[in-house]
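Student: So that we are looking at the same thing, I have put the structure below in structure tokens.
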Amino acid sequence: MNNKKTNKWDEKAKNYARYSPCKNSFEANVLEAVKKMGISFEDKTILDVGCGTGVYTIRVAKVAKSVDGLDFSQNMLQILRDDALDLGIENIKTHHTTWSDFDMKNRIYDIALCTMSPAVKSEKELEKFHSSASIKIYLGWAGVRDNTILDDLFLAHNSVYTPPNGAKRVKKWLQTEDIKYQLENFEELKIKIRSFKEAVENYTWHLNVRGLEPDTKKIKKILESLRDEDGNIREQTINKMDLIVW
Ligand SMILES: C[S@@+](CC[C@H](N)C(=O)[O-])C[C@H]1O[C@@H](n2cnc3c(N)ncnc32)[C@H](O)[C@@H]1O
């Protein structure tokens, strides 16, 4: 297992979004789009690759027969287990592993899910995802994450922030393999208010995860100029994501 990366997601877990029952959340809209594509989770066996804190895992578990959630961050999985326990949900099994190392034991699920996770990245990982279930649902970055704070921080570290584009890779692979898929584009305006300390931690994480050496003085200087009257940092991001189903 890649421990260096595991630890980065472990650090992220405490501030990562958790399951919410909200009916008009982004996750609810994604699952509504999946439903409109004619897919139901009812009584199905589900595999959630890179499940994180379980924002989708818990939603689908409410109607599914069973859900296997796998993630290489133990802290993310712990939050998922805590929230499932609080909600009395007993049909989720968690697996602490990378996607590459996960032993499928020749099992084929009804539906495999991978949302916003770099777990399914290489061609080999994509092939494995493709063979893991009858129906595959992939939600990934589509090359747009407009966020002036990230842009400025990367520039201050002599780098350029390039938004992730996992969806492009998946679509290209499906086209090469001549596999038909359904596609829906999502755009999300996300506003997040963080305390100064949380903001420093968050942007340090983003620089770290891209292999840059965070300069705390530079981070604080940029964030200092953005404090609101309560001393907090307001972050506005426009994200584009693709929902790919095959
Ligand atoms: C941005 S979070 C997405 C979590 C959740 N699927 C969601 O939509 O909120 C990415 C998750 O993928 C996990 N992850 C990244 N690479 C992985 C890998 N190679 N194997 C397993 N999990 C991985 C991280 O630990 C993290 O929990």
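The values are calculated or read from the model by the stated rules, or taken from the named source; none is laboratory data. Note that the coordinates shown come from a computational prediction; the quantities given were computed from them, not determined experimentally. Note that we place each Cβ from the backbone using ideal geometry, even for glycine, and neighbour counts take in every protein chain shown.
Student: Does Lys220 fit the bill of being touching a helix residue (DSSP H, G or I) at 6+ places or on another chain (Cβ under 8 Å), modelled with pLDDT of 95 or more and surrounded by fewer than 17 Cβ atoms within 10 Å (Cβ to Cβ)?
Tutor: yes
Student: Next question, about the same structure. Which one of these is closer than 18 Å to Ser117 by Cβ and at pLDDT below 95: Lys190, Lys240?
Tutor: Lys190
Student: Just give me the residues in the stretch 52-67 being closer than 22 Å to Gln182 by Cα and touching a residue at least 60 places away in the same chain (Cβ under 8 Å), in sequence order.
Tutor: none
Student: Report, ordered by the first and then the second residue, all pairs with beta carbons closer than 8 Å, sequence separation of six or more or different chains, a first member in the stretch 94-123 that is touching a residue at least 40 places away in the same chain (Cβ under 8 Å) and in a strand (DSSP E or B), and a second member that is within 7 Å of the ligand (Cβ to nearest atom) and among the aromatic types (Phe, Trp, Tyr).
Tutor: Taking only residues 6 or more apart or on different chains, the pairs are Leu113/Tyr56; Thr115/Tyr56.
Student: Restricting to the stretch 173-214, count the residues that are closer than 21 Å to Asn15 by Cβ and either assigned to a helix (DSSP H, G or I) or of a type in the set (D, E, K, R) (or both).
Tutor: Adding up the residues that qualify gives 19.
Student: Is there a residue being surrounded by fewer than 24 Cβ atoms within 10 Å (Cβ to Cβ), charged (D, E, K, R), away from the ligand (no atom under 12 Å from the Cβ) and in contact (Cβ under 8 Å) with a residue 40 or more places away in the chain anywhere in the stretch 80-91?
Tutor: Yes: one or more hits.
Student: Right, something else. Against the definition (buried (at least 19 other Cβ atoms within 10 Å of the Cβ), within 13 Å of the ligand (Cβ to nearest atom) and modelled with pLDDT of 95 or more), how does Asp101 come out, yes or no?
Tutor: no
Student: In the set Thr45, Thr53, Thr115, which member is in contact with a helix residue (DSSP H, G or I) (Cβ under 6 Å, 6 or more places away or on another chain), at pLDDT 95 or above and not aromatic (Phe, Trp, Tyr)?
Tutor: Testing whether each residue is in contact with a helix residue (DSSP H, G or I) (Cβ under 6 Å, 6 or more places away or on another chain), at pLDDT 95 or above and not aromatic (Phe, Trp, Tyr) leaves just Thr53.
Student: Just give me the residues in the stretch 23-41 being in a loop (DSSP other than H, G, I, E, B) and at pLDDT 95 or above, in sequence order.
Tutor: Met37, Gly38, Ile39, Ser40, Phe41 - these are the residues of the stretch 23-41 that are in a loop (DSSP other than H, G, I, E, B) and at pLDDT 95 or above.
Student: Right, another one. Can you name the residue in the stretch 128-172 that is of a type in the set (D, E, K, R) and part of a strand (DSSP E or B) and, of all such residues, is surrounded by the fewest Cβ atoms within 10 Å (Cβ to Cβ)?
Tutor: Checking each candidate, the answer is Asp146.
Student: Go through the residues of the stretch 11-23 one by one and say whether even a single one is near the ligand (Cβ under 10 Å from one of its atoms), within 25 Å of Thr204 (Cβ to Cβ), in contact with a helix residue (DSSP H, G or I) (Cβ under 6 Å, 6 or more places away or on another chain) and hydrophobic (A, V, I, L, M, F, W, C).
Tutor: Yes, the stretch 11-23 contains a residue that is near the ligand (Cβ under 10 Å from one of its atoms), within 25 Å of Thr204 (Cβ to Cβ), in contact with a helix residue (DSSP H, G or I) (Cβ under 6 Å, 6 or more places away or on another chain) and hydrophobic (A, V, I, L, M, F, W, C).
Student: Can you tell me which of Val245, Val209, Val160, Val170 is touching a helix residue (DSSP H, G or I) at 6+ places or on another chain (Cβ under 7 Å) and farther than 29 Å from Ala28 by Cα?
Tutor: Within the list Val245, Val209, Val160, Val170, the selection yields Val160.
Student: Return the total of residues in the stretch 55-79 being assigned to a helix (DSSP H, G or I) and out of contact with any strand residue (DSSP E or B) (no Cβ under 6 Å at 6 or more places or on another chain).
Tutor: Residues that pass the stated criteria total 6.
Student: Hey, Asn75 hits all of (1) within 12 Å of the ligand (Cβ to nearest atom); (2) of a type outside the set (A, V, I, L, M); (3) closer than 16 Å to Thr115 by Cβ but one; which does it fall short on?
Tutor: Condition not satisfied by Asn75: (3).
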